[in-house]
Amino acid sequence: MDQPPESPRRERKMPSDLPTSLDDRRNVHIGEETEVYDAWAGQSQFLTTPVPARPLSFNLSLDDSSYGGGDLGLGRLEEEDSKLVQMLASQARLKEDSTTGSENVVLANDGLSESEKRETLQGMFTMAASNGEVERVKGFLNGPARDWVDVNAPDAEGTPPLIYASCFGHQEVVSLLLDAGADVDKQDKNQWSSLMWAMTNRHKGIAKLLLDHGASPDVKSSTGRIASDFLAPNSEMSEYLHESGYDIGNAGVTDDFYNTGLTEDRFEEEMAENEMKRRMMMESAINLEVDLGNLGLDEQPESPSEDDSQEFVWDRCLNDQMFVFQESELGRILDIIITNMTPQRSPSQKPVPANILFLSARYAHYYQSADLLEKLLFAAMDKINDLVENYQWDMTILAFWVSNVTLLLHYLKKDRGLSEVTGQFQLQLSELINEIFILIIRDAERRMDKVMEAAMLDHETIPGFEDVHFQNEWKIFRSKPKVKAPEPFEKRYRPPSPKRRAQTSPRTITSLLSSTLFVLDLYDIHPVIISQVLSQLLYWLGAELFNRILSNRKYLARTKAMQIRMNISTLEDWARTNNRQAGHFENGSMTSTGETTVDSARRHLEPVVQLLQWLQCFSSFGDDFEALVGTIQQLPRLTPQQLIHSVKYYRAEVGEKSLPKSAMKYLSTLQTEIAERRTKHRKTPSDSLAPQTPIKESVPRLPTNSEQLQPPASSPRPSIVDDDEQDAPENLLMDPALMLPFSLPTSTDMLVSYGAGFGGMNRERERKYIPNVPSEFLAKFDTGSKNDSSAELDDKRWE
């Protein structure tokens with residue numbers, strides 16, 4: 001049987017989601033959930049396609065320019081404190097621009113055109129609203145000048161009268177303007193409404209009045225903030241508005257994970273920080289007798305900008321990473337960046353001298369000759385030395401240049417080519433840093449020396465000591481002091497008044513220390529140098545106090561010792577508050593090492609503290625010899641000669657016993673033994689390690705036993721190791737002029753402090769110390785119209 005012909009076999013169409021060839025690279029779109037049977041596992045698996053996340057359609061940044069539309073063109077909103085200063089400046093301008101006559105005089109003046117009258121009257125009306133002149137505002141609104149003023153018209157600064165009155169707290173004027181038809185939601189040039197200003201300045205009555213007249217709490221400023229953003233959470237104003245029926249703020253609402261008051265809290269913190277910084281500038285200018293301009297009081301903060309410049313190359317010199325100059329212009333360039341340079345504190349301006357010198361050195365080394373490099377560097381060194389010598393009592397200039405010289409030294413060490421050929425110059429820079437360090441120390445010591453006795457030794461706060469009588473002091477012709485009434489309890493713990501703060505006290509010394517530290521921080525001096533400055537000043541304070549107490553019998557008394565010890569505790573509190581860790585890294589450690597400010601204060605103030613402790617307790621020993629020996633062992637920073645001197649010239653109170661003769665004999669024997677051991681040590685220098693192994697360490701039992709000399713000998717006495725003679729004055733007193741060992745920051749310390757740090761996390765700080773020259777500073781080198789303008793450059797401040 002013939003079989004029917006087979007019909008042509010149709011190809012089965014492949015699913016559209018499968019690739020047709022190996023070259024088919026299209027994306028495979030699987031549904032939300034696809035079932036796939038796994039034969040090996042004997043079960044099905046469900047695959048879910050991950051859905052790509054959509055970009056967020058909102059912006060949490062306060063600087064989002066999309067709020068309020070793109071036609072505002074206002075950019076970022078200025079800081080609130082500077083905005084208030086602008087309002088005050090506008091108010092002062094209104095006072096200057098207004099005429100002295102009344103509105104009727106202006107209306108009757110035929111010499112003024114209609115537009116001039118309207119402009120003058122509008123300015124007078126705005127000024128009256130700003131100053132809170134209620135009667136004058138009523139005269140404008142109800143008098144003949146009503147048709148000439150507009151209650152909603154802004155002034156030259158873009159601010160309407162209602163905002164002025166709301167900002168400065170003139171509630172009656174606000175009420176008059178609202179009744180006259182003022183736009184309650186009218187905004188100033190930064191799109192701040194009257195309600196925002198009332199809430200910012202905590203005028204709760206005005207805020208309620210504005211809300212009662214329909215003020216919208218949802219009006220946005222140029223940065224998208226609304227009125228509730230200016231209201232602190234659970235504040236008095238927030239509760240007042242909540243009680244008045246307005247749900248603005250979060251009064252009575254507990255905080256959740258999202259703190260709605262975070263922005264306002266940060267605003268308050270920044271306001272407090274700015275105020276504290278301003279106070280420190282003013283106080284430092286007074287204490288250090290320097291120009292406020294050198295502290296940057298009149299400078300505006302720089303706006304942060306992204307630096308898209310290429311990375312700086314240190315192992316070779318690129319064309320745009322050097323400063324090209326002519327040899328004939330070298331003197332003028334050095335005058336601009338050194339002789340006529342004014343200390344700057346803005347981040348981009350502070351390192352300008354170091355940057356230009358380094359970039360010029362790169363050009364001279366890589367593209368010119370060694371002679372030009374030598375001429376550049378040593379001419380710059382001479383000018384810096386002359387400048388430092390002329391301004392050795394101006395701490396701002398000293399701090400500015402020690403910062404730049406340290407940075408220049410870091411640059412030269414980091415550049416491989418310059419590091420090899422500038423070895424001698426680097427040594428001179430190191431010596432210059434040490435010299436400026438000494439000048440800073442001497443300047444601070446000179447200022448503290450003027451108030452040392454009045455602030456630390458004669459300042460008395462413990463009541464009742466004026467009635468203490470001392471032995472062998474005649475008081476026949478002295479009037480009996482009047483008994484002062486006890487100070488009330490609430491007044492005793494009240495903060496000191498401005499008059500009391502102005503009096504010389506331990507705070508005067510700590511204020512000078514704070515001013516010195518503020519200037520050092522202001523000019524970004526390396527932390528290693530700052531810690532050594534504080535250590536040296538604390539040593540000087542301890543040595544000076546020690547010498548003045550021991551040299552003046554007036555202070556060798558138990559009551560004075562108690563008061564001076566309390567005054568010294570103010571220095572210890574300051575050290576704890578301003579504790580600094582030296583940014584020193586050694587042996588590959590990633591942890592900063594070095595002596596902290598607290599440890600330094602404890603070490604350098606220890607001799608005077610132990611002297612005061614001795615003055616307070618030795619008269620109570622009596623015949624208790626063990627107490628005497630135990631006390632001496634706990635005072636290792638005092639020598640027997642100092643102990644004997646303090647006892648010999650001690651001012652004993654009436655009825656107070658002195659140290660027994662047996663105890664004085666013990667101290668004298670101890671002093672003799674130490675002198676003999678010192679003499680033996682000088683004769684046998686090879687046995688310099690012998691004192692580390694004492695012969696005997698037993699505690700003496702009897703004053704006459706020679707073994708009692710061993711315990712004090714075995715205890716550390718650093719103040720007498722280097723003395724040459726027993727009766728030399730330096731053996732009794734300390735040397736305040738002694739300079740402690742000074743060490744420069746190592747290359748590792750500089751790389752950490754001037755770079756991105758360990759792990760390269762601090763890129764912002766690294767960009768701050770990339771050698772470059774600000775574009776606004778390059779204009780100072782322009783010689784197109786002036787051949788020699790160095791005299792004018794000295795007086796011209798650049799920002």
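Nothing in this text is a laboratory measurement; each read-out follows from the coordinates by a stated rule. Worth saying up front: this structure is predicted, and the values here are computed from it rather than measured. Using ideal geometry, Cβ is built from the backbone for each residue, glycine included, and neighbour counts are taken over all protein chains shown.
Given the Cα-Cα distance of LYS768 and GLN326 and 0.36 nm per residue of separation, how much length would full extension add, in nm? Walk me through the intermediate numbers first.
Details: separation 442, 0.36 × 442 = 159.12 nm, distance 2.79 nm.
Result for the pair: 156.3 nm of gain on full extension.
Return the FRET efficiency for the residue pair LYS138, GLU460: r is the Cβ-Cβ distance, R0 is 60 Å, and the value is rounded to the nearest 0.05. Numbers along the way, then the final one.
On the way: r = 59 Å, r/R0 = 0.98.
After rounding to 0.05, the efficiency reads 0.55.
Take the cross-link list LYS375/LYS780; LYS560/LYS657; LYS220/LYS768 and give me the ones stretching past 27 Å between alpha-carbons. Let's see the in-between values first.
Values: LYS375/LYS780 22 Å; LYS560/LYS657 17 Å; LYS220/LYS768 35 Å.
Among LYS375/LYS780; LYS560/LYS657; LYS220/LYS768, the Cα-Cα distance tops 27 Å for LYS220/LYS768.
Grab the beta carbon distance between ARG442 and ASP599, set R0 = 25 Å, and tell me the FRET efficiency rounded to 0.05. The partial results should precede the final answer.
Details: r = 24 Å, r/R0 = 0.96.
Result of the calculation: an efficiency of 0.55.
Given the Cα-Cα distance of SER430 and THR504 and 0.36 nm per residue of separation, how much length would full extension add, in nm?
22.8 nm
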